[in-house]
Every structure is written in structure tokens, then in C-alpha cells.
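Asker: Could you have a look at this structure, given as C-alpha cells, before my questions?
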Amino acid sequence: MNEAGQMQAFRHLATSVSLAALLFCAVGIAQAQPAPAPAVPAPAAAPSQDNPAADTVDAIRARGRLLCGVSPSTPGFAAQEGRAGWRGLDVDYCRAVASAILGDPAKVQFVPMPAADRFEMLRRGSVDILARNTTWTLDRDTTEGVLFVGVTFYDGQGFLVRRDRGVTRVQQLDGATVCVEAGTTSERHLSDHARSARLRITAVPARSAEAARAAFVGQQCDALTADTGSLAGFMAQQGSNGSRYAILFEVISKEPLGPAVRENDQRLLRIARWTHFVMLAGEELGLDSAAVAELQGGAAQNLVTANPEVLALFGRAGRSGEVLGLDADWGARVLRQVGNYREVWERNIGPLGVQRGLNLLWNQGGLHYAPPLR
């Protein structure tokens with residue numbers, strides 16, 4: 001990414017952090033009132049909701065499980081792996097939310113969702129939260145009746161090609177056919193880039209990511225385009241055959257991926273957002289699952305000299321549990337049961353050979369940044 005792109009990404013992140021901090025303060029003020037704040041009505045232009053619960057957090061607790069919408073098969077983000085069940089960065093994020101709300105990361109039901117239907121399924125209440133490697137855009141944020149929780153993965157759209165074709169630059173795809181999943185930002189960016197770069201590219205849309213990959217393997221197109229994380233996952237899925245392919249080093253878009261909830265789900269939004277921030281803070285503070293378990297299992301004096309951020313995670317300082325409607329040590333539990341962001345990355349994305357890059361913490365040269373937990 002060039003210097004101007006980095007500055008733009010940092011400005012976007014700073015705005016997100018400021019808004020998150022303001023929301024956190026607003027929750028504290030609302031909880032201090034004797035009566036709960038009235039529900040925020042959805043804008044008149046927002047899409048209708050068929051069966052959403054009046055309060056999703058209460059519905060999750062009554063049901064005893066979180067309904068999480070995920071990709072049917074995107075290694076590294078969400079995929080079923082035999083007896084191991086669901087695995088991936090998005091999968092672990094939903095497990096962390098379940099840990100925060102229900103006290104048990106296993107209390108999640110994963111619902112595979114096609115890209116074209118994901119927002120409609122979320123709006124009508126088929127799932128409580130959408131964690132389907134989805135790009136946060138202005139159009140989606142304002143017209144789909146959803147609210148994005150934050151950015152859990154900074155990505156960019158790239159191209160996968162066959163090594164034996166000798167293609168090393170996107171410009172060499174002039175005259176090529178490119179497989180792409182229909183109804184995604186990838187399809188739109190492909191058209192926009194071809195026009196701006198004056199490339200004669202013919203898109204070959206497919207109903208699903210799996211269909212697009214199958215078409216590419218079947219040589220129905222010259223290249224496959226998607227977020228680079230997804231492309232890396234696909235290559236890893238191919239085993240030894242993955243060496244036949246290469247991801248071009250150029251990306252043609254910014255793809256900030258993150259979970260989303262329904263537009264009127266402010267309570268779940270705050271819990272989901274701060275669950276992500278807790279995982280980032282855990283990495284920054286050097287608190288992984290083993291360290292948290294050791295502190296929780298040791299003598300009380302182990303925390304006497306801890307800094308305020310650590311004390312807040314363990315419920316010894318601040319009011320995060322109270323204002324979010326959770327128990328006092330919910331943050332420490334999330335870290336112990338699921339892990340911090342580094343652990344989740346190394347468990348799911350690291351094996352794909354993807355470097356963290358922009359997904360490093362802010363103090364390591366990346367974009368991830370957790371607001372204060374106090």
C-alpha cells in the first residue's frame with residue numbers, strides 16, 4: 001500500500017475508534033438511568049425485518065445458543081473440517097461472543113449463508129450476527145439495515161492464476177476471463193478496475209465462492225478473483241496441487257472485513273464490538289489464554305500490581321460488565337476460552353501462509369487498535 005493509502009486507512013480507523021469510544025460512554029450513561037432507554041427505531045428507508053427478536057441478547061440467552069451466519073467454506077475464516085467441526089477466524093469470533101454472553105464458546109450454531117442472501121437472512125432473524133468475511137462499505141452500512149461491528153481483518157482483492165501461464169502482473173490479464181462470486185464487492189471491483197485500467201476482462205460470475213473456485217479449477221476462466229485471504233485459503237485447501245497456482249502481488253481494492261448485526265440491535269452491537277476489542281487488548285497486554293488461566297487460578301495478589309487495563313479485564317476495575325449487561329470478568333473469560341487476536345490469527349490464518357501486515361497491532365506497524373477498556 002502506498003503512503004496515501006496508509007494515511008487513508010489510518011484516518012478510517014481513527015474514526016471507527018472514536019465512534020466506538022463514544023458508544024461505550026453512551027452505554028454507561030444509559031445504564032445509570034432508572035429506566036432503560038427506549039429502543040432506537042429503524043430509519044423509514046431501512047429494509048423490513050420479518051422475525052427479529054425484540055431484544056436479541058435476551059433471545060440468545062433464552063435459546064441458549066448464538067446463531068452465527070458464516071461462509072459455507074472459506075478456509076481460514078469459516079469451514080467445516082470433519083470431526084473438528086467449524087474452524088476459522090470468523091468462527092472463533094462468534095465463539096468469543098458466545099463466551100461473553102453465555103459463558104461458553106461452544107454454545108454457537110453456525111449457519112452457512114450464500115453471499116447473495118446474507119443480509120436478508122440477518123434482517124429477517126435467521127441469525128443473530130453475520131460473520132461471513134464481509135466487506136464494510138458505505139452502501140451496505142446505509143441501505144442494508146445492518147450495522148458493522150468493526151474490522152476483524154484488513155484485506156484486499158487479488159487474483160489467483162495458474163503458474164504455467166506465466167502471468168505475474170494484473171496488466172497481463174488483458175483479454176482474460178476471470179471467475180468471480182456474484183453479488184460481492186469483488187464482482188464490482190473487477191468491473192471498475194478493468195474499466196479504469198483499460199483492460200479487456202470478461203467476468204464469469206458464479207452463484208457461490210465454491211462454484212467460482214470449481215470453475216477456475218475446471219479451466220472455465222483464466223483467473224480467479226476474491227479477497228487475498230480467501231484465495232490463500234483456497235490454495236491451502238488444494239494440498240500439493242496448490243503449488244500450481246500463484247496469487248499476484250497486486251491488490252485492486254481495500255477490503256475491511258467485519259461482522260454485522262441488525263440495525264436496531266444496539267445492545268448486541270456493543271457486546272460484539274467490545275468482544276473484538278478485548279481480543280486485541282489481550283494481545284497488546286501480553287495476555288493469552290494460558291496467561292489468563294494462570295492468573296485466574298493463582299493467588300489474588302497476582303493482580304495487585306497489574307495495570308488498570310488488566311484489572312478491567314478481570315473485573316477488578318471499571319464497569320464494563322455492568323454497562324454491557326455481562327458479568328464482571330467476561331473479558332478475561334473470552335481470552336481464556338477463545339484466546340487473544342494473535343492466538344486466533346495463528347490458529348486460523350497463519351497456516352495459510354498469509355503475513356499479518358496491516359492486521360498487526362498499531363504499535364507493531366498495523367491498523368488494529370483497541371480503545372481503553374476503562
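Asker: Which residue is least open to solvent (accessible area, probe 1.4 Å), if the candidates are limited to segment 135-147 and must be in contact with a helix residue (DSSP H, G or I) (Cβ under 6 Å, 6 or more places away or on another chain) and more than 11 Å from PHE119 (Cβ to Cβ)?
Answerer: The residue in question is THR135.
Asker: Might you check whether a residue that is among the hydrophobic types (A, V, I, L, M, F, W, C), in contact with a strand residue (DSSP E or B) (Cβ under 9 Å, 6 or more places away or on another chain) and assigned to a loop (DSSP other than H, G, I, E, B) occurs anywhere in segment 333-340?
Answerer: Scanning segment 333-340, I find no residue that is among the hydrophobic types (A, V, I, L, M, F, W, C), in contact with a strand residue (DSSP E or B) (Cβ under 9 Å, 6 or more places away or on another chain) and assigned to a loop (DSSP other than H, G, I, E, B), so the answer is no.
Asker: Can you tell me which residue within segment 155-200, out of those that are in a helix (DSSP H, G or I) and open to solvent by 80 Å² or more (accessible area, probe 1.4 Å), is nearest to GLY366 (Cα to Cα)?
Answerer: If we take residues in segment 155-200 being in a helix (DSSP H, G or I) and open to solvent by 80 Å² or more (accessible area, probe 1.4 Å), then ARG188 is nearest to GLY366 (Cα to Cα).
Asker: Also, quick follow-up: What are the residues in segment 230-285 that are touching an Asp or Glu at 6+ places or on another chain (Cβ under 7 Å) and within 16 Å of TYR154 (Cα to Cα), if any?
Answerer: GLU255, LEU257
Asker: Continuing with the same structure: Restricting attention to segment 341-361, which residues are in a helix (DSSP H, G or I) and either in contact (Cβ under 8 Å) with a residue 12 or more places away in the chain or in contact with a helix residue (DSSP H, G or I) (Cβ under 7 Å, 6 or more places away or on another chain) (or both)?
Answerer: TYR341, ARG342, GLU343, VAL344, TRP345, ARG347, ASN348, PRO351, LEU352, GLY357, LEU358, ASN359
Asker: Say we look at segment 204-218 and pick out the residues that are open to solvent by 50 Å² or more (accessible area, probe 1.4 Å) and more than 19 Å from TYR245 (Cα to Cα); which of these is nearest to the chain's Cα centre (by Cα)?
Answerer: Only one residue tops the list, namely ARG207.
Asker: Under the condition of being modelled with pLDDT of 95 or more and open to solvent by 10 Å² or more (accessible area, probe 1.4 Å), which residue from segment 125-134 is nearest to PRO205 (Cα to Cα)?
Answerer: Result: SER126.
Asker: Here is a list of conditions, (1) among the charged types (D, E, K, R); (2) closer than 22 Å to SER289 by Cα; (3) in a helix (DSSP H, G or I), and ASP117 meets all of them except one; can you say which number that is?
Answerer: (2)
Asker: All but one of (1) under 17 Å from the mean Cα position of the chain (by Cα); (2) of a type in the set (S, T, N, Q); (3) surrounded by 24 or more Cβ atoms within 10 Å (Cβ to Cβ) hold for THR228; state the number of the condition that does not hold.
Answerer: (3)
Asker: Residues in segment 75-94 that are crowded, with 24+ Cβ neighbours inside 10 Å and farther than 11 Å from ALA131 by Cα: how many?
Answerer: Qualifying residue count for the region: 1.
Asker: Can you pull out every residue in segment 339-372 that is open to solvent by 50 Å² or more (accessible area, probe 1.4 Å) and under 22 Å from GLN80 (Cα atoms)?
Answerer: Hits for segment 339-372 are ARG342, GLU346, ARG347, PRO351, GLY353.
Asker: Would you confirm, using the coordinates I've provided, whether ALA100 is in contact with a His (Cβ under 9 Å, 6 or more places away or on another chain), modelled with pLDDT of 95 or more, part of a helix (DSSP H, G or I) and more than 23 Å from ALA209 (Cβ to Cβ)?
Answerer: When the stated conditions are applied, ALA100 does not pass them.
Asker: Another question about this same structure. Look at VAL310 and say whether it is open to solvent by less than 10 Å² (accessible area, probe 1.4 Å), under 28 Å from GLU346 (Cβ atoms) and hydrophobic (A, V, I, L, M, F, W, C).
Answerer: In short, no.
The values are calculated or read from the model by the stated rules, or taken from the named source; none is laboratory data. Everything numeric here is computed off the predicted structure, so don't read it as measured data. For neighbour counting, all protein chains shown are included, and Cβ atoms are generated from backbone atoms with ideal geometry for every residue, glycine included. We work out accessible area using only protein heavy atoms, side chains counted, and drop any ligands, DNA or RNA first. Shrake-Rupley method; radii C 1.70, N 1.55, O 1.52, S 1.80 Å.
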